[in-house]
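What follows is one structure encoded as structure tokens, with my remarks underneath.
Nothing in this text is a laboratory measurement; each read-out follows from the coordinates by a stated rule. Everything numeric in this text was worked out from a predicted model, so none of it was measured. Cβ placement follows ideal geometry from the backbone for every residue including glycine, while neighbour counts extend to all protein chains displayed.
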Amino acid sequence: MSTSSIAFIGGGNMASALIGGLVQAGQSPQSLIVVEPSEAQRERLAQQFGVRADAEATPRLAEARLVVWAVKPQSFREAAAPCAAHVQRALQLSVMAGIRCDAIVAATGSQRVVRSMPNTPALIGLGVAGLYARPQVSDEERRDVERVFAPTGRTVWVRDEADLDAVTALSGSGPAYVFYFIEAMIEAAQEMGLDAQQARELTLGTFAGATELARRSPEPPQVLRERVTSKGGTTYAALTSMEQDGLKAAFVRAIRAAQRRAKELGDEFGR
């Protein structure tokens, strides 16, 4: 796609992560079209990536083979109205939560739509994005989308658009869950007498190491957990306390609550 223009409607954090990855991967900044009403954000994109951003939609959008929608869901219709006449022939890629494919088809006139749910670790190249493509999207266009996301992390395709609600609840919101547990572990460490720096280093190192071990190991997480849990030992005491408090069940309920909220947002914004 390095010879094709890619347009971004919205130039916020997720768009910036994708733009930065594309430029780093060899995409010419001159081939990237950005529509961003914030002057400060336009200046930042120019300084960081050498990309010229426009304050409003222009006929230059018609050059884009791929259009990335990266505005807030509540702003989508307003943002799409002046762009629609220029982007009908392009592949539409959405990184917006809650805006369903049918709404994007209606707003842009293009039947070729891919919805994505990325997450914030994309900002450092360690994200994971769930992707759904309408049947009109070709295999080559799927690969184009994968190339857009490749510098920011991994991608997982789902078969049904409704599955993106689960992706949103799991990986889209997931970094916040991890940060929540990190907070709790740091708090416990300090209560036990470690200083803030020691608590941070030990906690972050534990999360990073355990995650990488789980990623590399052919064994499921349950087996890895059991291997460090000797009956009557310290890990056993901690996990028994968690089970008595119903932590796992509460965590599953929390993720399902996020899934329900994702569906509600789709019902609200995706009409």
Quiz item: Extension gain residue 198-residue 234, at 0.36 nm per residue separation less the Cα-Cα distance, in nm?
Solution: 11.0 nm
Quiz item: How about region 108-166: which trypsin sites (Lys or Arg not before Pro) there lie in a loop by DSSP and see at most 15 other Cβ atoms within 10 Å?
Solution: 159
Quiz item: Each residue of region 206-216 in order: what ³J(HN,Hα) in whole Hz does its phi give by Karplus 6.51 cos²θ - 1.76 cosθ + 1.60, θ = phi - 60°, with x for Gly and Pro?
Solution: 5, 4, 4, x, 5, 5, 5, 4, 4, 5, 7
Practice problem: Answer with one residue from 55, 74, 217: the one whose Cα lies farthest towards the positive end of the charge dipole of the chain, charges on Cβ with Lys, Arg +1 and Asp, Glu -1. | Solution: 217
Practice problem: Rounding to the nearest 20 debye, state how big the charge dipole of region 5-158 is about its Cα centre with +1 on each Lys and Arg Cβ and -1 on each Asp and Glu Cβ. | Solution: 260 debye
Quiz prompt | Simple Cβ-charge dipole of region 174-266, Lys/Arg +1 and Asp/Glu -1, about Cα centre, in debye nearest 20 | solution = 580 debye
Quiz item: Which residues' amide hydrogens lie under 5 Å from the amide hydrogen of residue 33, considering only partners 5 or more residues apart or on another chain, with H built in the peptide plane?
Solution: 6, 7, 8
Exercise. Just the number, please: percent antiparallel of the DSSP beta bridges in the chain, rounded to the nearest 5.
Key: 15 percent
Quiz prompt | Per DSSP, loop GluC sites (Glu not before Pro) in region 1-109 with at most 10 further Cβ within 10 Å | solution = 56
Practice problem: Would you please classify the overall shape of region 5-158 from the alpha carbon gyration tensor, given that a ≥ b ≥ c denote the square roots of the eigenvalues, rounded means a/c under 1.5, and beyond that prolate means a/b larger than b/c while oblate covers the rest? | Solution: rounded
Quiz prompt | Helix-derived mean residue ellipticity, 222 nm - over the chain, DSSP H n ≥ 4, -39500 (n - 2.57), to 500 | solution = -15500 deg cm²/dmol
Practice problem: Search the structure for amide H atoms under 5 Å from the amide H of residue 100, placed 1.01 Å from N in the peptide plane, and list their residues when 5 or more places away or on another chain. | Solution: 270
Self-check item: Neighbour cut-off at most 15 other Cβ (10 Å), DSSP loop, trypsin sites (Lys or Arg not before Pro), region 63-99
Solution: 89
Exercise. Would you mind checking the tilt of helix 234-244 against the longest principal axis of the Cα atoms of the chain, expressed as 0 to 90 degrees and rounded to 10?
Key: 70 degrees
Quiz prompt | Euclidean distance of C-alpha centroids, region 205-265 and region 45-121, integer Å | solution = 37 Å
Quiz prompt | Rg in Å to one decimal, and Dmax rounded to a whole Å, for the chain via C-alpha atoms | solution = 21.4, 70
Quiz prompt | Neighbour-count ranking [beta-carbon atoms within 10 angstrom, fewest first] of 69, 157 | solution = 157, 69
Practice problem: Give the shape of region 135-211 as rounded, prolate or oblate, defined through the alpha-carbon gyration tensor: a ≥ b ≥ c are the square roots of its eigenvalues, a/c under 1.5 means rounded, and otherwise the shape is prolate if a/b is larger than b/c and oblate if not. | Solution: prolate
Quiz item: If you put +1 on each Lys and Arg Cβ and -1 on each Asp and Glu Cβ, how big is the dipole of the chain around its Cα centre, in Debye rounded to 20?
Solution: 560 debye
Quiz item: Can you give the % of DSSP beta bridges in region 5-158 that are antiparallel, to the nearest 5?
Solution: 15 percent
Quiz item: Top mean-square fluctuation among 217, 110, 173, Gaussian network model of the chain, C-alpha springs under 10 Å?
Solution: 217
Practice problem: Would you mind ranking 267, 139 by Cβ crowding within 10 Å, fewest neighbours first? | Solution: 139, 267
Practice problem: Once you've got the GNM for the chain with C-alpha springs shorter than 10 Å, pick whichever of 179, 76, 149 has the biggest mean-square fluctuation. | Solution: 179
